[in-house]
Amino acid sequence: MTRLSRAQQGIVLVIFAMACFAAIDGMVKYLGTLVPLVMAMWFRYMFQVALTGAVLLPRRGRALFKTRHPWLQLLRGVSLAVSSSLAFVSLRYMPVAEFTAILTLTPMFITLVSVQAMGERVSWLRWLLLSGGLVGALMVIQPQAHDFQWIMLLPLALVVVSTGFQLLTSYLVRHDDPGTMHFLTGAVACVIASVALPFFWEPPSLASLWLMMGLLGVLSTLGHYLMIMGYSLASPSTLTPYLYFQIAFATLAGWLVFSQVPNRWSLAGIALIAACGVANSWLTGPRPLGPVESEPTL
């Protein structure tokens, strides 16, 4: 049996990570109607901190807490909490596939912001791809539809917040250890959720809900770890096209769990977003914008 190359191993890890994140989106949508938002967020962050600490603390000790940019780490943790809140609320009102498709606009925004920050001109083709992605998002949201609600625009706000989160990640990963970043970000978000938790605590009546919230934290931690490992084996330009597997997994989850099948306009919008995203990744070429530039923020 032929052994996979490093790039192929990275691709496999990222595809598995996309399956984890699609499962998380489905679980969040399901839990959103049964438990308070803050409780689900607290479990997600608590498991991230506990699992990351259990793995890294024995090996690194106090070095795990050392950072050159504590305020930026704090800002990254706050950004994660805001991003997760927007994602959780969005999933209460939108099908999983459509939500995921809009969120995949983030890499395109990251590319444009990063290129402009470097003082480079953005080509007309890149602007065209970004415009195509936004048109695809509007096709998914369908603001003229009879069941449209303004809260359905929250995923677009999430794209903006996620772009800032990823740019912070791209900067900090050059100065701090990824394990430290993952631990501190989760710790900050966990503290924020812990402060709000007493006001929203409602013990779930079913044991299955406790199990699902625990599984949410485990899958989230595993997904982010697989992403980091994938980007350590292959370049962002190689892996970015495979991030769109999350749309396929999310569509499958929406169909199997919620019996939600995108209509033809939504399917066309999803296809347009994916096509523009893959083309943008191809235009970016081999130049990396950061080791974990496209890491999801849920």
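Below, the figures for the structure above:
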| quantity | calculated |
| --- | --- |
| Odd one out for A189 among (1) modelled with pLDDT under 90; (2) in contact with a Phe, Trp or Tyr (Cβ under 8 Å, 6 or more places away or on another chain) | (1) |
| Qualifying residue in the stretch 1-13 (condition: among the basic types (K, R) and under 20 Å from the mean Cα position of the chain (by Cα)) | no |
| Failed condition for T180, given (1) under 19 Å from I24 (Cβ atoms); (2) polar (S, T, N, Q); (3) modelled with pLDDT of 80 or more | (1) |
| Among residues of the stretch 82-93, those that are closer than 15 Å to V257 by Cα and either out of contact with any helix residue (DSSP H, G or I) (no Cβ under 6 Å at 6 or more places or on another chain) or surrounded by fewer than 19 Cβ atoms within 10 Å (Cβ to Cβ) (or both), counted | 1 |
| Condition check for S194: in contact with a Pro (Cβ under 8 Å, 6 or more places away or on another chain) and surrounded by fewer than 22 Cβ atoms within 10 Å (Cβ to Cβ) | no |
| Residues that are in contact with a Leu (Cβ under 6 Å, 6 or more places away or on another chain) and surrounded by fewer than 22 Cβ atoms within 10 Å (Cβ to Cβ), drawn from the stretch 1-12 | R6, Q9 |
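The values are calculated or read from the model by the stated rules, or taken from the named source; none is laboratory data. What you see is a predicted model; the values in this text were computed from it and never measured. Virtual Cβ from ideal backbone geometry, glycine too; neighbours counted across all protein chains shown.
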